[in-house]
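Colleague: Here it is, the structure, as structure tokens.
The values are calculated or read from the model by the stated rules, or taken from the named source; none is laboratory data. Computed from a prediction, not measured in an experiment: that's the story for all the values here. Neighbour counts are summed over all protein chains in view; Cβ atoms, including those assigned to glycine, are modelled from backbone coordinates with ideal geometry.
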Amino acid sequence: MRLKRFKDNPILTPRDNDWERKQVRNPAAWYDGEVVHMLYSARAVNNTIYLGYARSRDGYHFERAGDGPWMTPPEGDEFDSGTVEDARMVHLDGVYYVTYMARSIGKDEFAAGKRLPGRPDAPTWQQNWRRAGLLTTRDFTSYERLGPVTPEQTFDANVMLFPEKIGGRYAMIHRPSGFPTGNDDCLSRPLAERPGMSICFSEDLVNWVDDRPLAGAMYDWEPIKIGGSAPPIRTEAGWLTLYHAVDESDKYEFTYRVGVMMLDLDDPTKVIGRSPEPILEPEESWEIEGTVPNVVFPNSAVVIDGEVLVYYGGADTVVGVATAPLGDLIDACKPL
């Protein structure tokens with residue numbers, strides 16, 4: 001099966017202002033029963049990346065809130081002072097938990113080999129250009145930064161929480177992909193040649209344990225790597241989990257596609273089903289041509305009246321939405 005694109009895509013595009021002129025992409029989203037809340041990545045002319053906020057009543061037509069960014073990288077030498085982007089969002093016990101990717105120094109500075117001031121041991125951009133942070137908000141009018149959830153010396157990405165605790169513990173999917181510290185601590189162990197999805201658990205959102213591989217590349221359209229896309233959705237059949245997969249391309253460097261897998265409800269370390277074919281791949285001009293060509297990259301999916309709305313970045317430049325009945329996505333996960 002394939003997702004059906006919304007006829008008026010893309011639903012968010014760059015605007016002529018200082019902070020979202022180059023890109024708007026890769027949005028987190030959550031449906032509270034009345035409103036879809038969205039936190040999208042926005043790239044400025046100077047290459048700083050922010051989080052913007054938008055909302056929608058129907059899940060398709062979004063209104064941006066205010067003229068400025070919702071989250072700006074903090075000043076100073078914080079782990080996220082360079083960039084905040086690629087958020088994923090869940091709602092637990094009346095609180096929205098948002099994971100996001102961060103850089104301690106701007107990408108341009110890291111690319112030149114710069115390190116944090118006074119830190120000769122700090123990794124350069126080439127060694128570790130993504131680290132995950134966590135924040136909370138109750139109403140999207142303010143937020144509290146809780147700090148990093150992945151180590152400085154591990155290149156990690158695609159970090160997302162489950163929307164409920166599993167066996168009394170928080171659960172997190174992530175994709176470590178190199179430069180481990182060499183010990184056996186959570187999030188820092190050596191990895192297979194092709195990066196894949198891992199899962200770990202925590203009682204306090206600070207100390208993560210029982211880290212283990214979850215899924216790797218399996219099919220011929222995902223040979224380079226896979227990573228989690230949208231936080232898992234609870235269904236009667238299991239945890240429905242979208243992921244992205246990367247393949248080589250004849251015309252472009254890579255092709256990013258989307259797949260879906262099913263995790264066991266009681267033990268989400270077990271993959272019990274997976275789609276043998278992609279459910280979305282670059283086809284439209286705004287998915288093929290852009291900042292990073294040939295990319296569809298979801299960060300979120302919400303269920304409204306039995307329909308799953310998948311929000312994704314197109315060519316790292318704009319935001320689109322594609323849909324499918326929940327039952328069709330469940331059926332696409334063939335038993336393993």
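Colleague: Enumerate the pairs (first residue in the range 237-256 and in contact (Cβ under 8 Å) with a residue 24 or more places away in the chain; second residue anywhere and of a type in the set (A, V, I, L, M, F, W, C) and part of a loop (DSSP other than H, G, I, E, B)) with beta-carbon separation below 6 Å, excluding pairs fewer than 6 apart on the same chain, so at least 6 apart or on different chains.
Modeller: Note: pairs meeting the criteria are 238/265; 242/230; 246/224; 247/221.
Colleague: Given the conditions (1) crowded, with 20+ Cβ neighbours inside 10 Å; (2) among the hydrophobic types (A, V, I, L, M, F, W, C); (3) in contact with a helix residue (DSSP H, G or I) (Cβ under 8 Å, 6 or more places away or on another chain), and given that residue 1 satisfies all but one, which numbered condition is not satisfied?
Modeller: (1)
Colleague: Kindly indicate whether residue 136 is modelled with pLDDT of 95 or more, more than 18 Å from the chain's Cα centre (by Cα), β-branched (Val, Ile, Thr) and surrounded by fewer than 20 Cβ atoms within 10 Å (Cβ to Cβ).
Modeller: No; evaluated as a whole, the condition is false for this residue.
Colleague: Out of the range 30-66, which residues are buried (at least 24 other Cβ atoms within 10 Å of the Cβ) and either touching a helix residue (DSSP H, G or I) at 6+ places or on another chain (Cβ under 7 Å) or outside any strand (DSSP E or B) (or both)?
Modeller: Residues satisfying the conditions do not exist here.
Colleague: So which pairs qualify, if the first residue must be in the range 309-334 and of a type in the set (A, V, I, L, M, F, W, C) and modelled with pLDDT of 95 or more, the second must be crowded, with 22+ Cβ neighbours inside 10 Å and assigned to a helix (DSSP H, G or I), the Cβ gap must be under 8 Å, and the two must be at least 6 apart or on different chains?
Modeller: 315/287
Colleague: Just a yes or no: is a residue in the range 28-39 under 17 Å from residue 315 (Cβ atoms) and touching a strand residue (DSSP E or B) at 6+ places or on another chain (Cβ under 6 Å)? Give the steps one after another, and end with the answer.
Modeller: Our first condition is that a residue be under 17 Å from residue 315 (Cβ atoms); within the range 28-39, this holds for none.
Scanning the range 28-39, I find no residue that is under 17 Å from residue 315 (Cβ atoms) and touching a strand residue (DSSP E or B) at 6+ places or on another chain (Cβ under 6 Å), so the answer is no.
Colleague: Name the single residue that is nearest to residue 14 (Cα to Cα) among those in the range 300-324 being part of a strand (DSSP E or B) and in contact with an Asp or Glu (Cβ under 6 Å, 6 or more places away or on another chain). Explain how you work it out, then say what you get.
Modeller: Of the range 300-324, the ones part of a strand (DSSP E or B) are 300-304, 307-314, 318-324.
Checking which are in contact with an Asp or Glu (Cβ under 6 Å, 6 or more places away or on another chain) leaves us with 314, 323.
Numbers: 314: 12, 323: 23 Å.
Per the stated criteria, the residue is 314.
Colleague: Could you please find all residues in the range 196-255 being among the acidic types (Asp, Glu), under 24 Å from residue 329 (Cα atoms) and outside any loop (DSSP other than H, G, I, E, B)?
Modeller: Scanning the range 196-255 gives a single hit, 247.
Colleague: Mind checking whether some residue in the range 67-84 is in contact with a Phe, Trp or Tyr (Cβ under 6 Å, 6 or more places away or on another chain) and within 24 Å of residue 286 (Cα to Cα)?
Modeller: So far as the range 67-84 goes, yes, one or more of its residues are in contact with a Phe, Trp or Tyr (Cβ under 6 Å, 6 or more places away or on another chain) and within 24 Å of residue 286 (Cα to Cα).
Colleague: Something else now. Check 27, 69, 14 and return the single one that is modelled with pLDDT of 95 or more and assigned to a strand (DSSP E or B). Write out each step before concluding.
Modeller: Numbers: 69 fails: assigned to a strand (DSSP E or B); 14 fails: assigned to a strand (DSSP E or B).
Among 27, 69, 14, only 27 is modelled with pLDDT of 95 or more and assigned to a strand (DSSP E or B).
Colleague: Quick one: how many residues across the range 268-285 are within 22 Å of residue 221 (Cα to Cα), surrounded by 17 or more Cβ atoms within 10 Å (Cβ to Cβ) and not β-branched (Val, Ile, Thr)?
Modeller: So the count comes out to 7.
Colleague: Out of the range 273-299, which residues are in contact with a Gly (Cβ under 6 Å, 6 or more places away or on another chain) and part of a strand (DSSP E or B)? Break it down into steps so the answer makes sense when it comes.
Modeller: Of the residues in the range 273-299, the ones in contact with a Gly (Cβ under 6 Å, 6 or more places away or on another chain) are 275, 278, 286-287, 297.
Once the filter is applied, which keeps residues that are in contact with a Gly (Cβ under 6 Å, 6 or more places away or on another chain) and part of a strand (DSSP E or B), the range 273-299 yields only 297.
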